[in-house]
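For reference, the structure discussed in these notes is given below.
Throughout, read-outs are computed from the coordinates displayed, never taken from laboratory work. Source: prediction; values computed, not measured. Glycine gets a Cβ as well: all are built from the backbone with ideal geometry, and neighbour counts include every protein chain shown.
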């Protein structure tokens, strides 16, 4: 016996044909394969029409859950059955991660960092309803995100009520990784004139898609039309961003100058929180010694 799945509140037409027009075709219905078939008549949700004896169509209008079952077309000598399953999504819920606020001090600046509360697991869930004739044959599948490549990061649970046809399916993220920046240098002491690159080394899952933001002390660093950064009046386009793993995750000083002395911080935002790293750049000068010979 063939089977079809129909979305709740949709419209479907079933057509039955025979090679002979000697016997009239009729549509019958039973709530299950073991049920008793009864003739179908036109109602608000069912329209039966026939232009000729060898063909009869059955239009299911605004399909309801109680319309699932077995439909049989017969001419009294032969019959054909089709198992109709009705399903629909009734509700969906989702939750967000819980964040914990922390503070870090670099130089004279206090930075606020939001880290994930690892004891709470975010979850998304969907409520389905299936006609009673099909709940035993229905499976719920999750797709999208990283679930298809890293299913071990998630847990799927279900609850079913065969009487009402309700199925709840929950997808829980077990191991989210908030953005974490490897903080290897808090203070940097460099001589004037040397080149220096600071890498904002980010670890996060799901991966970061937004560019990294930077600040000098409490002033945001903005990229100019020439791709360089105007940090201060004497920066002379010596400073720019580069990208290694995430857009703008490196700040490059072509040549360090005394006016570059400041606290520089990078900020990253992800789906499960954010993080900030900073370093205090101190610039040392070169001392010239004059030797006199007598």
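Results, tabulated for the structure shown:
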| item | result |
| --- | --- |
| Burial order of peptide ranges 18-27, 166-175, 139-148 (average beta-carbon count within 10 Å, highest first) | 166-175, 18-27, 139-148 |
| Whole-number D in µm²/s for segment 2-86 (Stokes-Einstein; Kirkwood sum over Cα pairs; 37 °C, 0.692 mPa s) | 252 |
| Average Cα contact separation per residue, the chain, under 8 Å, 6 or more apart, as relative contact order % | 15 |
| Whole-Å distance, taken between Cα centres, linking segment 122-191 and segment 1-72 | 39 |
| Extension reserve of the residue 159-residue 192 stretch, reckoned as 0.36 nm per residue once the Cα distance is removed | 5.2 nm |
| Stretchable slack from residue 174 to residue 252, in nm (0.36 nm times residue separation minus alpha-carbon distance) | 24.3 nm |
| For the chain, radius of gyration divided by Kirkwood radius, i.e. Rg to Rh on alpha-carbons | 1.35 |
| Difference of contour (0.36 nm per residue) and Cα-Cα distance, residue 217 to residue 7 | 69.9 nm |
| Simple label model, 7 Å out from Cα along Cβ direction - residue 41 to residue 209, nm | 5.6 |
| Calculated FRET efficiency for the pair residue 21/residue 98, C-beta based, R₀ 51 Å, to 0.05 | 0.15 |
| Backbone N within segment 1-45 under 18 Å of label point (7 Å from residue 53 Cα along the Cβ vector) | 16-27 |
| Share antiparallel - DSSP beta bridges, the chain, percent rounded to 5 | 90 |
| Virtual spin-label span in nm between residue 244 and residue 152, 7 Å along Cα→Cβ | 2.7 |
| Two-site FRET efficiency, residue 91 against residue 225, from Cβ-Cβ distance with R₀ of 51 Å, rounded to 0.05 | 0.55 |
| In range of the label at residue 139: residues from segment 149-171 whose backbone nitrogen is under 18 Å from the point 7 Å along Cα→Cβ | 149-152, 155-160, 167-171 |
